[in-house]
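**Student:** Dumping the structure here so I can ask a few things about it.
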Amino acid sequence: MKRTDIMKIVLISCYFLFIAISFFLKFNPGKEIGQNFSSFSVDMVKVLPCAFLLIGLFEVWVKRETVERHFGEKSGIRGYVWAVLLAGTIVGPLYVALPVAHSLYRKGARLSVIFTYIGASAICRIPMTIFEASFLGIKFTMIRLLVSIPLVIVSSIVLGNYLVGSDYEIMEGK
Amino acid sequence: MYYLHIVTLLALVISLLVNRKKTLKAARIALKRFLAILPAFLIMLILVSVVLFLLPDKLITQYLGSENILTGVLCGSLFGSITLMPGFIAFPLCGILLKKGVLYMVLSAFTTTLMMVGVLSFPIEKAYFGTKVTILRNSLSFLTALVVAVMTGVFFGEIF
């Protein structure tokens, strides 16, 4: 086991010990933190199993060539369009988009398309956009989308090209 | 949220009908991937629970409503970057803030960074993309959010 792994285990155990003691001694800040933890955990438990199952199905069923054709080096501008459309239909925040993006990359998508996908999944998920427009108005949402989508694509291209030039290797997800 | 569950269920059923073996393999891949990233998720949850305790809604409301546009936008983008809240909490909160007179551009800075910049999801992003890329991507997203906020301000006639 690496040193960083041991550090993580110690940190996580200390945290849970702190929460347990807080509940036992009725220490309010600790109790409140524990409640925050549990309410967010419930949110994640609702989303994550589905997200990872879909990733599993994706890895089994979708051929590498298909991903390469639509998201790879030769996909040109279509790759970005696909990335934005795919991101728009997906549910779940940044932490769901990250493993999906990783999976796409392993199947041969190019880096700038991956970053476009991550950025777009943050800003233009359809269910969320509808929700936003109903609280803040359609004008607000339209301005936000029209300004941010081009910016996301441009900055993804810049970041992707920079990394390709510097022999970047993606991690294993651990 | 139900939308995701329906899609997953449909995909699973279709996959099972077409090929059981492949579906089982998919489930195994799903489990393996999930367990590999689980520690990073736990650390993120821990960070979220502590930060939300230190930065309650009331404090956020107070700072976003600041009279000074610059302070408002900066606070909005900082809060948006370091907090992590689901859209179904964030947008109603913004709706309330709007009625209280908070500027559109401040709300834009807040929601855009909330969605694009993830200081608390750093452990997860780092596990997949490494430290350098995570920092670069988040910094670029932060700048993007500031541009979006300024443009929102221009279109709503809040500046210039």
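The values are calculated or read from the model by the stated rules, or taken from the named source; none is laboratory data. Just so we're clear, the structure is a prediction, and the values are computed from it rather than from any experiment. Cβ coordinates were reconstructed from backbone atoms using ideal geometry, including for glycine residues, and neighbour counts include every protein chain displayed. Just the protein is used for accessible areas: all its heavy atoms, side chains included, with ligands, DNA and RNA removed. Shrake-Rupley method; radii C 1.70, N 1.55, O 1.52, S 1.80 Å.
**Student:** Out of (1) modelled with pLDDT under 85; (2) closer than 30 Å to A:A109 by Cβ, what's the single condition that is false for A:R3?
**Tutor:** (2)
**Student:** Moving on to the next point. Just to be sure I understand the filter: pairs with C-beta atoms under 6 Å, separated by 6 or more residues or on different chains, first member in the stretch A:121-149 and within 17 Å of A:W82 (Cα to Cα), second member of a type outside the set (K, R) and outside any helix (DSSP H, G or I). Which pairs pass?
**Tutor:** Correct list of pairs: A:S121/A:I90; A:L145/A:C124.
**Student:** Please pick out the residue among A:I55, A:I118, A:I126 that is facing chain B (nearest Cβ under 9 Å), of a type in the set (A, V, I, L, M) and closer than 24 Å to A:P150 by Cβ. Explain how you work it out, then say what you get.
**Tutor:** Numbers: A:I55 fails: closer than 24 Å to A:P150 by Cβ; A:I126 fails: facing chain B (nearest Cβ under 9 Å).
One residue alone meets the criteria, A:I118.
**Student:** Can you say whether B:L16 is in a helix (DSSP H, G or I), more than 9 Å from chain A (Cβ to nearest Cβ), at pLDDT 85 or above and more than 30 Å from B:V106 (Cβ to Cβ), as far as the supplied structure shows? Before you say what the answer is, go through the steps one by one.
**Tutor:** Values: in a helix (DSSP H, G or I): yes; more than 9 Å from chain A (Cβ to nearest Cβ): yes; at pLDDT 85 or above: yes; more than 30 Å from B:V106 (Cβ to Cβ): yes.
When the stated conditions are applied, B:L16 passes them.
**Student:** Looking only at the stretch B:57-76, decide whether some residue is under 29 Å from A:K46 (Cα atoms), more than 7 Å from chain A (Cβ to nearest Cβ) and modelled with pLDDT of 90 or more. Show your work before the answer.
**Tutor:** Start the filter on the stretch B:57-76 by keeping residues that are under 29 Å from A:K46 (Cα atoms), which leaves B:57-61, B:76.
If we keep only those that are more than 7 Å from chain A (Cβ to nearest Cβ) as well, we get B:57-61, B:76.
Now restrict to residues that are modelled with pLDDT of 90 or more: B:76.
There is at least one residue in the stretch B:57-76 that is under 29 Å from A:K46 (Cα atoms), more than 7 Å from chain A (Cβ to nearest Cβ) and modelled with pLDDT of 90 or more.
**Student:** Search the stretch A:1-22 for residues being touching a helix residue (DSSP H, G or I) at 6+ places or on another chain (Cβ under 6 Å) and farther than 18 Å from B:L54 by Cα, and hand back the single one that is least open to solvent (accessible area, probe 1.4 Å).
**Tutor:** A:I12
**Student:** Residue by residue through the stretch B:91-128, note down the ones that are under 23 Å from A:I118 (Cα atoms), more than 7 Å from chain A (Cβ to nearest Cβ) and in contact with a Leu (Cβ under 6 Å, 6 or more places away or on another chain).
**Tutor:** B:L120
**Student:** May I ask you to say which residue of A:L86, A:L94, A:L145 is among the aliphatic types (A, V, I, L, M) and either in contact with a strand residue (DSSP E or B) (Cβ under 7 Å, 6 or more places away or on another chain) or modelled with pLDDT of 90 or more (or both)?
**Tutor:** Working: A:L86 fails: either in contact with a strand residue (DSSP E or B) (Cβ under 7 Å, 6 or more places away or on another chain) or modelled with pLDDT of 90 or more (or both); A:L94 fails: either in contact with a strand residue (DSSP E or B) (Cβ under 7 Å, 6 or more places away or on another chain) or modelled with pLDDT of 90 or more (or both).
Matching residue, one of A:L86, A:L94, A:L145: A:L145.
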